[in-house]
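These notes are about the structure you will find just below.
Taken together, the values in this text are just the output of simple stated rules run on the coordinates, not laboratory data. Remember, it's a predicted structure, so these values are computed and weren't measured experimentally. Note that each Cβ is placed from the backbone with ideal geometry, even for glycine, and that neighbours are counted across all protein chains shown.
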Amino acid sequence: MNQIERQIDSYLRHLTIERGLAKNSLLAYRRDLTRYNAWLQAISISEYSQITELLVREFSQSLVSERGLAATSVARILAAVRGFHRFLLVEGKTELDVSAVVKPPKAARRLPKAISISEIEALLKAAGPEPDDIAGAAGDLIRVRDRAVLELLYATGARVSELTNLDLDDEID
């Protein structure tokens, strides 16, 4: 076991005992840091004092170019690597966090997908009675409320968070 592997084990123990990370999170950190250590070993780096900012950048770039990983996966792996280097700094093993300035790639922002008119109609029908159905409205006020909420969301394009923040006393500009 080389010096980096020992410190990775120390870091994972720290995450387990002092930070109380969940089992799945720990497994992900272990997998990501094992990948990082394997990459370092492949370029003959076995001591953390040999790791430079440039090497961390090259590792990040290799995840995209050689592995073809998505930006979100690279960001997750780099979060583990950056946490590990911060740990080395806090523990006094290094004098500099060589990963501090290495930023993960930006994930592409996707627009939400719109649903079709027939899907909207089916959703509204399932939510509650038609507005002109007085008998149906009187029997089930919760379904009437649900339909009104869906119609408001659909008609205005509001987000659910905006809807939940509405107040009856709000003024319309």
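The order of L12, L54, going from fewest to most other C-beta atoms within 10 Å of their C-beta, is L54, L12. Using helices alone, what [θ] at 222 nm do you get for the chain, with -39,500 (n - 2.57) per DSSP H run of 4 or more residues, divided over all residues and rounded to the nearest 500? Estimated from H runs of four or more residues: -19500 deg cm²/dmol. Only helices reaching 27 angstrom along their own axis (Cα) with mean Kyte-Doolittle hydropathy no lower than -0.5 count here, and for the DSSP H runs of the chain these are 71-90. Show log10 I(q)/I(0) for the stretch 117-164 at q = 0.14, 0.16, 0.22 Å⁻¹, two decimals, from a solvent-free Debye sum over equal Cα scatterers. Log10 I(q)/I(0), no solvent term: -0.34, -0.44, -0.77.
Based on alpha carbons, the Rg and Dmax found for the chain are 26.1, 78 Å. Here the gap between S44 and S62, fully extended at 0.36 nm per residue and compared with their Cα-Cα distance, gives a gain of 4.9 nm.
Annotation for N165 and E18: the two label points, set 7 Å from Cα along the Cα-Cβ direction, are 3.7 nm apart. Cross-link partners of K106 among aspartates and glutamates, defined as those whose alpha carbon lies under 20 angstrom from its own and excluding same-chain residues fewer than eight positions apart: D32, E53, E58, E66.
Once you reduce the stretch 145-160 and the stretch 72-140 to the center of their Cα atoms, the two points are 21 Å from each other.
Only lysines eight or more places from K125 in sequence, or on another chain, were considered; those with a Cα closer than 27 Å are K113.
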